[in-house]
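Step one of this worksheet: look at the structure below.
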Amino acid sequence: MEFRNLKAQYNALKTKMDEAVISVMAGGRYIMGENVDKIEKKLSGYTGRGECITCANGTDALILSLQALGIGKGDAVFVPDFTFFATAEAVAAVGAAPVFVDVDKKTFNISPESLSKAVTEVKAFGELVPKAVIAVDLFGLPADYDLIAEIAESNGLYLIEDGAQGFGGEYKNRRCCSFGDVSTTSFFPAKPLGCYGDGGAVFTDDEQLAEIIRSLKVHGKGSGKYDNIRIGMNSRLDEIQAAVLLVKLEAFIKYELEAVNNAAREYNARLSGIVDTPYIPDGLFSSYAQYTVKFKSREIRDYVQSALNKNDIPCFVYYPRPLHAQQAFKGLRQYVGCDNSEYLCGTVLSLPIHPYIAPEDIQKICSVLSDENNQGGL
Ligand SMILES: *Cc1c(COP(=O)(O)O)cnc(C)c1O
């Protein structure tokens, strides 16, 4: 069994995909061509954002956003403590300080109460200037944007949406990658919308900001490639990946997003009452980058995980360690407690999910899981 079956997806899209990729190779234009232009237009249309700027990966998308907003040394950027490392790594990469904020136990997303508290603490301590908050749409579920935007606004913070896992999700009829001043996503193969390599994008409604990001991603270019007005980097999506994304986006919109939600419903029906299934608040829609359940204790979780693995069922702990406990962030001041984040690291488990998963596979996973959960609970 596969955790995320990308080969099944390729086989379903093979005819169109082969044609799209071969036509780029035959066309001779590999960087910054018509496929990149096309996918940027489609993505800005889909998310409802005025501007889409593609780049080399989701980490660069965050770094480009932070740089374009002028964030750097001496600045505090608030990030959830329970997320993939890159969210905070990007902050440190531009010289700013990540401030770890606790998450909500049910949604796994950044807690508005903890955010308010962290902002107050940073101001009181006086060492850093609070500049921005990065909200993450963890496992495909949008963060609580109404409350977060309010806190950001009343404290003069930029709001950045890290939608690397959120593409396709919705918050009150508004699509992910459309929240805050800038939003980002990743096209890493295992993300909701993935390409066949690395890729990413930045979204914004601010034309001036978009122009800065377009410059930053091509060596700080000015009016032309050999006119350099700032220090930037080389971070581009290539034509082959753009062609891949055009084929995949069509399938994503037509049936994949629905299929992955059907798989989640199937899981929910079989697992409710056995473990804590994903909580989706009213008015929100998840793109299920992961299907993550919660166990009663670390011991039961570890027991069930190894039993599933023994039965040839791949499953992973996303994430085993809170960001504040990562060695790379040793020495950073922790302004608020992150108990929920620690608790989740010890109790969550992500099960196989993707649009092509067979109902029999879900059935098998759930039956092994519930048998072993009973055993482990004894
Ligand atoms: C994957 C991911 C990123 C980084 O994306 P890459 O394309 O791998 O650089 C950033 N944030 C989150 C939440 C992610 O899951």
Cβ contacts < 6 Å: first residue more than 14 Å from A86 (Cβ to Cβ), restricted to the stretch 149-170; second residue β-branched (V, I, T) and within 16 Å of the ligand (Cβ to nearest atom), any location; separation 6+ or different chain. Result? A152/V133; L157/V133; L159/V133; F167/T185
Considering only the stretch 333-348, how many residues are touching a strand residue (DSSP E or B) at 6+ places or on another chain (Cβ under 6 Å) and under 23 Å from A264 (Cβ atoms)? 3
Are any of the residues in the stretch 110-125 of a type outside the set (K, R) and under 17 Å from the mean Cα position of the chain (by Cα)? yes
Test for Y10: is it touching a residue at least 60 places away in the same chain (Cβ under 8 Å), farther than 30 Å from E342 by Cα and of a type in the set (F, W, Y): no
Among the residues that make up the stretch 205-221, is at least one of them within 30 Å of F108 (Cβ to Cβ) and surrounded by fewer than 17 Cβ atoms within 10 Å (Cβ to Cβ)? yes
Quick check: is even one residue across the stretch 35-47 within 15 Å of the ligand (Cβ to nearest atom), touching a Phe, Trp or Tyr at 6+ places or on another chain (Cβ under 7 Å) and more than 18 Å from L128 (Cβ to Cβ)? no
If the Cβ limit is 6 Å and pairs must be 6+ apart or interchain, which residue in the stretch 177-202 that is under 13 Å from I134 (Cα atoms) and at pLDDT 95 or above pairs with which residue that is near the ligand (Cβ under 9 Å from one of its atoms) and not β-branched (V, I, T)? C177/G163; S183/G163; T184/A61; T184/L62; T184/D162; T185/G163; T185/A164
Given the structure, is A93 within 16 Å of the ligand (Cβ to nearest atom), within 15 Å of the chain's Cα centre (by Cα), of a type in the set (A, V, I, L, M, F, W, C) and closer than 29 Å to F316 by Cα? no
In the stretch 152-172, how many residues are within 11 Å of the ligand (Cβ to nearest atom) and either of a type in the set (S, T, Y) or in contact with a His (Cβ under 9 Å, 6 or more places away or on another chain) (or both)? 0
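Being within 16 Å of the ligand (Cβ to nearest atom) and either farther than 30 Å from V99 by Cβ or in contact (Cβ under 8 Å) with a residue 24 or more places away in the chain (or both) narrows it down to one residue among A307, A358, A328, A269; which is it?
A328
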Based on this model, can you work out whether S65 counts as under 23 Å from A143 (Cα atoms), buried (at least 20 other Cβ atoms within 10 Å of the Cβ) and away from the ligand (no atom under 15 Å from the Cβ)? no
So I134 fits all but one of (1) away from the ligand (no atom under 16 Å from the Cβ); (2) buried (at least 24 other Cβ atoms within 10 Å of the Cβ); what number is the exception? (1)
Evaluate the following for P80: is it touching a residue at least 60 places away in the same chain (Cβ under 8 Å), surrounded by fewer than 24 Cβ atoms within 10 Å (Cβ to Cβ) and within 16 Å of the ligand (Cβ to nearest atom)? no
Kindly indicate whether any position in the stretch 34-49 is in contact (Cβ under 8 Å) with a residue 24 or more places away in the chain, over 30 Å from Y158 (Cβ atoms) and either crowded, with 20+ Cβ neighbours inside 10 Å or touching a strand residue (DSSP E or B) at 6+ places or on another chain (Cβ under 7 Å) (or both). yes
Quick test for you: out of I300, I280, pick the one residue that is out of contact with any Phe, Trp or Tyr (no Cβ under 8 Å at 6 or more places or on another chain), closer than 18 Å to F82 by Cβ and buried (at least 19 other Cβ atoms within 10 Å of the Cβ). I280
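The values are calculated or read from the model by the stated rules, or taken from the named source; none is laboratory data. This structure is a prediction, so every number in the text was calculated from the model and none was measured. Backbone-built Cβ (ideal geometry, glycine too); neighbour counts: all protein chains shown.
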